[in-house]
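Asker: Questions regarding the structure given below will be posed in turn.
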Amino acid sequence: MTKKVAVLGEIRDGSLRNVSFEGLAAARTIAEGGEILAVLVGASLGTLAQDMIHYGADRVVTVEDEKLAQYTPDGFSQAFLSVVEQEKPEAIVFGHTALGKDLAPKIASRLGCGLISDAVDVEIAGGNVVFTRPIYSGKAFEKKIVSDGIVFATIRPNNIAPLEKETSRAGEVTALSAEIKDLRTIVREVAKKATQGVDLSEAKIIVAGGRGVKSADGFSPLQELADVLGGAVGASRGACDAEYCDYSLQIGQTGKVVTPDLYIACGISGAIQHLAGMSNSKVIVAINKDPEANIFKVADYGIVGDLFEVVPMLAEEFKNLLIKA
Amino acid sequence: MNIFVLLKRTFDTEEKITIANGAINEDGAEFIINPYDEYAVEEAIQLRESHGGEVTVVSVGGEDGEKQLRTALAMGADKAVLINTEDDIEYGDQHTTSKILAEYLKDKEADIILAGNVAIDCGSGQVGPRVADLLDIPYVTTITKLEIEGDKVSVVRDVEGDSEVIETSLPLLITAQQGLNEPRYPSLPGIMKAKKKPLEELELDDLDLDEDEVEAKTKVIEIFLPPTKEAGRVLEGEISEKVKELVSLLHKEAKVI
């Protein structure tokens, strides 16, 4: 059955996040030939609507308001719900990001509908839109459907491939004015702690350190390797508990769950809680002094050795390779 | 201060997951307070210690949840409420749980409601914001710091590693992120006292809720385990040779670089 699908485009530092384009790809599957409507909410949207069209949206509705410069659940829900009221979509897709996780449940509650969070795949099967999502932090998976009402899901970044960008695609962009009022939470200040730029949840390559890193300074060779590869640095709970790094870097059952193309585990023993957060990575490399470490059981490639010796050599080798390429 | 905590009983993080008859096998598994809810319990107790008042811990689920509620009482919560849905609901989703919690909370005049930002079993993170919406109070998720003065509240919210300082007011619902505090262990006297603290058990009828009002909006059609990964190759030779080989394998075989 064809469906009209609304996809919320998420903006960070003036650009659309990749997960928004992935959302359009998910919408293409869900719509079964129906219309794909991108929704953009913010204070100054510039030409971002065109990007959504190039990546698969048929049409874009924008809501622009000074009060939407910062994300707040009240402001963004008022904006998005006014689009829903006008457009009456039969399905909605958000990214499973800090914003999506915060906003989607409120919208679902307002609409009195179900919500399937953190989907990593979507397909049409037996006449239903079927989402696959990890449970128990990826130790198992479930396939889930919405039994009645709007089909609403948040999709995990980095799992559903975006459509090819077609700059020749055209579509209508309309502005909707919504009354944004009574914001009950106000963002006073934003401190950028994730200084290195690459967001863990969207990173294609992650270099992660565990207790074997031994100190906060011990993370610098890992950061250098990540910089060479254009990746992000992560950590095990052990490293966070030992205060070698901030909890925002933690990967595992508590912490972030990541699925990069390449995960390089340095000095991480591979406790089951950590594996839950990274074992679905496409390729896993383990570097550990202990040949018996559990991490080698899930690694595609392993090097038994001292990370302080191996990691700088790896960075050097990759640098040479990338210069040649 | 009238403080409520939403608590879920979950599998221990160390448990291996197996499937029996199409469902997660719970036989012999250890259960714990959802780790993020533990931060919420701790924060609630600290709020009471500095502002006075009472901490009530609420859980929706089966009778087995009593154990985790007792643990929260042993940590220092004052009262516990178990909303037992075992007999009434075969399958509930986040809509179900939120409706039930909101129905229970609607006349309790809570100043603040604390919950974990996500449960480590189903991992949806919906119940906190949904409950806040149903109660028509503001919420802030994944917080790492909470300061309350009068009815003015300042919180620090973790946003994928960055932090936002957010101002809001009571009544409020927050969900806890790791780093908010260091949850205490129940002391022996705490455990003894917990046995005598009130633990109320309610059913849907007590909340004037019909089963169809809380009927799940979503349905699980299949549960499966990820394909088991074969142990990979541990490279041999001198360190420098291993490094060269690894780079070449990642480039040519795995093609990720």
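Asker: A:E164 fails exactly one of the following numbered conditions: (1) within 9 Å of chain B (Cβ to nearest Cβ); (2) more than 16 Å from the chain's Cα centre (by Cα). What is the number of that condition?
Answerer: Of the numbered conditions (1) within 9 Å of chain B (Cβ to nearest Cβ); (2) more than 16 Å from the chain's Cα centre (by Cα), the odd one out for A:E164 is (1).
Asker: Sticking with this structure for a sec: For the stretch B:80-120, enumerate the residues that are away from chain A (no Cβ under 14 Å) and of a type in the set (F, W, Y).
Answerer: B:Y104 - this is the single residue of the stretch B:80-120 that is away from chain A (no Cβ under 14 Å) and of a type in the set (F, W, Y).
Asker: Test each condition in (1) within 25 Å of the chain's Cα centre (by Cα); (2) in a helix (DSSP H, G or I); (3) under 19 Å from B:S248 (Cα atoms) for A:F318 and report the one that comes out false.
Answerer: The number of the failed condition is (1).
Asker: Could you tell me whether any residue of the stretch B:74-85 is under 13 Å from the mean Cα position of the chain (by Cα) and hydroxyl-bearing (S, T, Y)?
Answerer: Within the stretch B:74-85, none of the residues are under 13 Å from the mean Cα position of the chain (by Cα) and hydroxyl-bearing (S, T, Y).
Asker: Please enumerate the residues belonging to the stretch A:112-129 that are crowded, with 18+ Cβ neighbours inside 10 Å and more than 7 Å from every other protein chain (Cβ to nearest Cβ).
Answerer: Listed by number, the residues that qualify are A:A119, A:V120, A:V122, A:V129.
Asker: Scan the stretch B:179-203 residue by residue and report those that are in contact with a strand residue (DSSP E or B) (Cβ under 7 Å, 6 or more places away or on another chain) and either of a type in the set (D, E, K, R) or within 14 Å of chain A (Cβ to nearest Cβ) (or both).
Answerer: Listed by number, the residues that qualify are B:G179, B:L180, B:K197, B:E200, B:E201, B:E203.
Asker: Do we have B:G190 as in the same structural domain as B:D88 (by TED's automatic domain parsing), small (G, A, S), at pLDDT 95 or above and not in a strand (DSSP E or B) here?
Answerer: yes
Asker: Quickly run through the stretch A:311-325 and pick out the residues that are in contact (Cβ under 8 Å) with a residue 40 or more places away in the chain and facing another protein chain (nearest Cβ under 7 Å).
Answerer: If the condition is that a residue be in contact (Cβ under 8 Å) with a residue 40 or more places away in the chain and facing another protein chain (nearest Cβ under 7 Å), then A:L314, A:F318 are the ones that fit.
Asker: Only one of these conditions is not met by A:L183: (1) surrounded by 15 or more Cβ atoms within 10 Å (Cβ to Cβ); (2) at pLDDT 95 or above; (3) within 23 Å of A:E317 (Cβ to Cβ). Which number is it?
Answerer: If we test A:L183 against (1) surrounded by 15 or more Cβ atoms within 10 Å (Cβ to Cβ); (2) at pLDDT 95 or above; (3) within 23 Å of A:E317 (Cβ to Cβ), just (3) comes out false.
Asker: Something else: Mind checking which residues of the stretch A:261-291 are closer than 19 Å to A:F308 by Cα and surrounded by fewer than 24 Cβ atoms within 10 Å (Cβ to Cβ)?
Answerer: The answer is A:S269, A:G270, A:K289, A:D290, A:P291.
Asker: On the given criteria, is A:A25 surrounded by fewer than 24 Cβ atoms within 10 Å (Cβ to Cβ), out of contact with any Asp or Glu (no Cβ under 8 Å at 6 or more places or on another chain) and either free of Cβ contacts under 8 Å to residues at least 12 places away in the same chain or in the same structural domain as A:G127 (by TED's automatic domain parsing) (or both)?
Answerer: Spelling it out, A:A25 is indeed surrounded by fewer than 24 Cβ atoms within 10 Å (Cβ to Cβ), out of contact with any Asp or Glu (no Cβ under 8 Å at 6 or more places or on another chain) and either free of Cβ contacts under 8 Å to residues at least 12 places away in the same chain or in the same structural domain as A:G127 (by TED's automatic domain parsing) (or both).
Asker: What are the residues in the stretch B:222-257 that are under 26 Å from the mean Cα position of the chain (by Cα) and surrounded by fewer than 16 Cβ atoms within 10 Å (Cβ to Cβ), if any?
Answerer: B:E222, B:F224, B:L225, B:P226
Asker: Considering only the stretch B:155-172, I want to know if a residue exists there that is over 17 Å from B:I45 (Cα atoms), at pLDDT below 95 and assigned to a loop (DSSP other than H, G, I, E, B).
Answerer: yes
Asker: Something else: So, of the residues in the stretch A:290-309 that are in contact (Cβ under 8 Å) with a residue 24 or more places away in the chain, in contact with a helix residue (DSSP H, G or I) (Cβ under 7 Å, 6 or more places away or on another chain) and not aromatic (F, W, Y), which turns out to be farthest from the other protein chains (Cβ to nearest Cβ)?
Answerer: A:L307
Asker: Those residues that are modelled with pLDDT under 95, more than 9 Å from chain A (Cβ to nearest Cβ) and in contact with a helix residue (DSSP H, G or I) (Cβ under 8 Å, 6 or more places away or on another chain), I need them from the stretch B:206-235; list them, please.
Answerer: Residues satisfying the conditions are B:D208, B:L209, B:D210, B:E211, B:E213.
Asker: Restricting to the stretch B:193-218, count the residues that are surrounded by 10 or more Cβ atoms within 10 Å (Cβ to Cβ) and part of a loop (DSSP other than H, G, I, E, B).
Answerer: Of the residues in that region, 9 qualify.
The values are calculated or read from the model by the stated rules, or taken from the named source; none is laboratory data. All of these numbers come straight from a predicted model, not from anything done at the bench. Note: ideal-geometry Cβ built from the backbone for every residue, glycine included; neighbour counts use all protein chains shown.
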